[in-house]
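Report on the structure given below.
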Amino acid sequence: MKNGTNGLIVMNGSKVTHNNHHDEDPLDPEVVLGVVRLDYDYPTAAGDVDDPRSFPYRVIYRVVPGLTFEVCKAGTRSRDLDEEFVGAIKYLEGCGVSAITGDCGFMMWYQELARQTTRLPVFMSSLTLLPSLVSLFSGKIIILTASGGELEPMRHLILSECGGNLSPDNIVIVGAQDVPGFEAVALGKKVDTVKVEPGIVELAQAAVAAHPRAQAFLVECTEIPPYSNAIRHATGLPVFDIITACNFFISSTQCEGRFGMQGWKKAWDGEVTEYTFGGNLNEKQKAKLVFEKES
């Protein structure tokens with residue numbers, strides 16, 4: 001197949017005419033990903049959901065004041081926190097985002113609240129992929145997390161979200177808490193990804209060896225995707241993470257450039273929307289930030 005001219009595609013000698021967008025019609029807005037952030041800031045790495053270099057499209061971030069990592073891990077709810085969370089979703093909606101995710105896998109606790117708040121696709125955690133993965137694979141799914149013990153309390157929620165299709169025996173939770181260098185995640189420090197990668201790969205290989213029926217990895221921790229390629233290479237298994245989830249859902253709103261109507265969607269200009277922690281909050285919201293008070 002090769003590109004033709006005048007909106008045509010040449011395929012095996014045949015010409016397929018695109019139904020091109022009319023020049024006089026306004027273009028639809030570009031695709032934009034909205035990310036709900038924890039009340040927490042840290043140095044990011046490419047591959048992290050909080051690093052805009054991880055995506056080939058525009059990303060807009062919005063922190064939820066009071067939603068610290070500890071609060072998120074526990075799934076704590078309060079009227080004030082719910083209002084701030086809903087406010088973050090509404091803010092991103094107002095920015096014209098195409099889909100909304102979160103920057104911590106433990107935001108699965110808030111998935112129901114998010115989907116009740118907006119009609120946009122919301123996937124607060126890569127764990128929302130589990131129902132699909134269960135239908136794809138008959139064997140085990142290895143869930144990679146920053147700390148296995150801290151994810152265990154969420155097991156019942158995971159099973160509930162997947163309905164009756166997931167057996168507890170089909171998921172294996174593996175924590176990366178003992179990987180050399182990965183402790184920087186818990187400390188909020190910059191992670192040396194070159195140092196950490198061999199340990200993550202070794203952890204993944206050991207998990208596959210311990211569970212021969214494993215057919216896929218699901219990365220829950222949003223700071224593990226920088227190593228997803230290495231895991232794919234070392235184990236030969238598919239790896240799903242928050243980046244693959246974002247790309248999947250965003251693709252449902254993009255213009256497919258290889259066929260069909262063309263030229264109807266505004267393209268990203270490649271310019272990153274600058275973000276500073278709490279920068280898009282009002283003064284009342286900034287006063288509720290826990291991270292800045294502790295800094």
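General observations
- Given (1) over 27 Å from Ser252 (Cβ atoms); (2) at pLDDT below 95; (3) open to solvent by 30 Å² or more (accessible area, probe 1.4 Å), index of the condition Asn20 fails: (1)
- Top-ranked residue of region 118-127 - restricted to ones that are open to solvent by 20 Å² or more (accessible area, probe 1.4 Å) and not hydrophobic (A, V, I, L, M, F, W, C), ranked as farthest from the chain's Cα centre (by Cα): Arg119
- Matching residues in region 88-102 - criterion: being of a type outside the set (Ser, Thr, Tyr), buried (at least 17 other Cβ atoms within 10 Å of the Cβ) and either touching a helix residue (DSSP H, G or I) at 6+ places or on another chain (Cβ under 8 Å) or farther than 22 Å from Glu274 by Cα (or both): Ile89, Ala99, Ile100, Gly102
- Of the residues in region 145-158, none is crowded, with 19+ Cβ neighbours inside 10 Å, over 16 Å from Met108 (Cα atoms) and hydrophobic (A, V, I, L, M, F, W, C).
- Just one residue in the set Ile89, Ile142 is touching a Phe, Trp or Tyr at 6+ places or on another chain (Cβ under 6 Å), at pLDDT 95 or above and hydrophobic (A, V, I, L, M, F, W, C); that residue is Ile142.
- Cross-chain or 6+ apart pairs with Cβ under 8 Å, region 125-143 first and in contact (Cβ under 8 Å) with a residue 24 or more places away in the chain and within 26 Å of Leu38 (Cα to Cα), then assigned to a helix (DSSP H, G or I) and charged (D, E, K, R): Leu127/Glu161; Thr128/Glu161; Leu130/Glu161; Pro131/Glu161
- Hey, Ala216 modelled with pLDDT of 95 or more and either more than 21 Å from the chain's Cα centre (by Cα) or of a type in the set (Asp, Glu) (or both) or not: no
- Residues of region 80-104 that are farther than 27 Å from Asp28 by Cβ, free of Cβ contacts under 8 Å to residues at least 60 places away in the same chain and of a type in the set (A, V, I, L, M, F, W, C): Leu81, Phe85.
- Within region 186-199, the residues that satisfy the criterion of being in contact (Cβ under 8 Å) with a residue 40 or more places away in the chain and out of contact with any Pro (no Cβ under 6 Å at 6 or more places or on another chain) are Ala186, Gly188, Lys189, Val191.
- Pair list, Cβ < 7 Å and 6+ apart or interchain, from region 256-282 residues that are closer than 23 Å to Glu292 by Cβ to residues that are in a loop (DSSP other than H, G, I, E, B) and open to solvent by 50 Å² or more (accessible area, probe 1.4 Å): Phe277/Asp41
- Boolean, Ile158 is in contact with a Leu (Cβ under 8 Å, 6 or more places away or on another chain) and part of a strand (DSSP E or B): no
- Of everything listed in (1) modelled with pLDDT under 95; (2) surrounded by fewer than 19 Cβ atoms within 10 Å (Cβ to Cβ), the single unmet condition for Phe106 is (2).
The values are calculated or read from the model by the stated rules, or taken from the named source; none is laboratory data. It should be emphasised that the depicted structure is a prediction, and the values quoted were computed from it without experimental measurement. Cβ coordinates were reconstructed from backbone atoms using ideal geometry, including for glycine residues, and neighbour counts include every protein chain displayed. Accessible surface is based on the protein model in full, side chains and every heavy atom, while ligands, DNA and RNA are left aside. Shrake-Rupley method; radii C 1.70, N 1.55, O 1.52, S 1.80 Å.
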